[in-house]
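The values are calculated or read from the model by the stated rules, or taken from the named source; none is laboratory data. On a predicted model such as this, the values are computed, not experimentally measured, just so you know. Cβ placement follows ideal geometry from the backbone for every residue including glycine, while neighbour counts extend to all protein chains displayed. In case anyone asks, the SASA skips ligands and DNA or RNA and just uses the protein heavy atoms, side chains included. Shrake-Rupley method; radii C 1.70, N 1.55, O 1.52, S 1.80 Å.
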Amino acid sequence: MYYAECPGKTGFDHFHRANRLGYVLKGDGLLGHDLDPEDRAPKDACGVFGVWAPGEDVSKLTYYGLYALQHRGQESAGIAVSEGSRILVYKDMGLVAQVFDEPILRTLRGHLAIGHCRYSTTGSSVWENAQPTLTSTAQGGIALAHNGNLINTASLAKRLPPGAIKATTDTEVLTALLAQDSSRPIEDVAAELLPEVKGAYSLVWMDETTLYAARDPQGIRPLVLGKLERGWVIASETAALDIVGAVFIREVEPGELITIDERGVRSRRFALARPKGCLFEYVYLARPDTSIAGRGVYATRVEVGRALAREHPVEADLVIPTPDSGTPAAIGYAQESGIPYGQGLVKNSYVGRTFIQPSQTIRQLGIRLKLNPLREVIKGKRLVVVDDSIVRGNTQRAIVAMLRQAGATEVHVRISSPPVTWPCFYGIDFATRAELIAGSLTVDEICQSLGADSLGYVSLEALTQATTLPADRLCRACFTGEYPIPLEEGERVDKHVLEAQA
């Protein structure tokens, strides 16, 4: 079912004879498939989780932490553990619950662990690029997990000797660079390296005895610190702390490096903080039960819905969400407008990634695999349909057509974010303007393309105000084209940058 991958050896028995570094264990290779990869929702790069807790079942804590972060990445999952003398990594393609089971988790014993669930932004979606990464030094091993995306990956890779990296991700490059100088403490190496790393990175990594975490100077991607009764947790979102019973302590500060071992938590700053948290985290990426910068995401989304009702009122009979991402904003729209809120679409929660490829007949049904209308609720009604964003438009177009077929007399689309008009280089798969419907069409043209009776986007000012943060502390580049970390001249930034160099 699985085997140990290490130099010159194969077979699961070698896991039991692992050396100080440990081995990377590979699962059975089953890979789920997106039902419609050409019209996927906006995705973040990954979710990361780390725990230092002697006496606790750290592999299961990490499993549940990753389960809570599954929405951030569904391509692969992995956990690295150490009992003090070696690091063992187990990873495979698929969802967290598909990759791990009780027998596997029982083999992952130790006092510290890190975990990762991936959505690829640099490097193809293949097993070799799954995380955590693992590399050896003269002193032992390093395993690393990364959420975000770097914009100087190619330049950083040039610092490494040929053959230093086996995968094609920015995470692999970071791991190799951290391992280059084993004569100094790894936190000293990291403090010197990280100021030269450009882009978004929320990192957790480990050696055999210590857990580390760091966040880029802009703090684009979230990262938080929590306290267990007998240990510490680092996670992408506060919701993951809740799941494992950790108490939220604080956010990891932009430009901060944290070290956790038997001496407790130590902090040092490797760069001045220039906060530019991702505004799209509030729109879609974060769980609604997560808090960012002291503000609950759910409350933010409800307030955006209220603003949307004020900015784009319409006479209608029912407000319905596109489940689940449009639900809080739809509630806010209904509250502000006085139009009743209802469920008009039923979501199949188990569709999205599956071991079974849908047949051509099923593919032709398209969105009905995921959503189905409640005809008795929407027939004869004028509907306001609230969604979080429009990227390419295919999903919304199909929903409008489905609702009309089910008997809706009018369909008014309301979007709880401004038009997404610019690509993201910091970990969301808005790769090019050509992929974005708002990159080339006006709002009226998009409305006509969707077949809706009207279309309204919330203003950037209202969305920003709902977060309670000032505009200069947020990255709003996908809406404005103003990037907080400028691309270096001649630097290639795309998913296959390292594959092209190979």
**Prompt:** With every protein chain present, what accessible area does Trp232 have (1.4 Å probe, heavy atoms only), rounded to the nearest 10 Å²?
**Reply:** 50
**Prompt:** Can you work out ³J(HN,Hα) from phi for every residue in the range 388-403, in order, using Karplus 6.51 cos²θ - 1.76 cosθ + 1.60 and θ = phi - 60°, giving whole Hz and x for Gly and Pro?
**Reply:** 7, 6, 10, 9, 9, x, 5, 5, 5, 4, 5, 5, 4, 4, 5, 5
**Request:** Measure off 7 Å from each Cα along the Cα-to-Cβ vector at Val346 and Thr432, then give the distance between these two points in nanometres to one decimal.
**Result:** 4.1
**Message:** Bins of 5 Å, beginning at zero and ending with the bin holding the largest distance: percent of Cα pairs per bin for the range 138-212, please.
**Reply:** 3, 15, 30, 28, 18, 5, 0
**Message:** Distance cut-off 22 Å, Cα to Cα: go down the list Lys347/Lys379; Lys91/Lys166; Lys158/Lys276; Lys60/Lys91 and report the pairs above it.
**Reply:** Lys158/Lys276
**Request:** Mind ranking 259-272, 65-78, 447-460 by how tightly packed they are, going by the mean number of other C-beta atoms within 10 angstrom, highest first?
**Result:** 65-78, 447-460, 259-272
**Fill in**
Full extension between Asp289 and Glu128 adds, at 0.36 nm per residue less the Cα distance, a length in nm of 54.7 nm
**Request:** Would you kindly state how much longer the chain becomes between Glu102 and Asp324 on full extension, computed as 0.36 nm times their sequence separation minus their alpha carbon distance, in nm to one decimal?
**Result:** 76.9 nm
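Net charge near Arg268: determine it from the other residues with C-beta under 12 Å of the C-beta of Arg268, scoring Lys and Arg +1 and Asp and Glu -1.
-3
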**Request:** Multiply the residue gap between Ala138 and Arg109 by 0.36 nm, knock off their C-alpha separation, and tell me the result in nm, one decimal place.
**Result:** 8.1 nm
**Cα Rg, Dmax (largest Cα-Cα span) when computed across the range 223-327, Å** = 17.9, 62
**Complete:** So, relative contact order of the range 179-263 in percent, Cα under 8 Å, 6 or more apart, is 28
**Asked** Residues of the range 152-177 with amide nitrogen under 11 Å from the 7 Å Cα-to-Cβ point of Glu196?
**Response** 156-160, 177
**Prompt:** Once amide H atoms are placed 1.01 Å from N in the peptide plane, what residues at a sequence separation of 5 or more from Leu223, or on another chain, have their amide H within under 5 Å of its amide H?
**Reply:** Val252
**Message:** Give me a comma-separated list of calculated 3J(HN,Hα) values for the range 185-192, in order, Karplus coefficients 6.51, -1.76, 1.60 applied at θ = phi - 60°, integers in Hz, x for any Gly or Pro.
**Reply:** x, 5, 5, 5, 4, 5, 5, 7
**Fill in**
For Leu160 and Asp444, extending 7 Å from Cα along the Cα-Cβ vector and measuring point to point gives, in nm, a value of 5.2
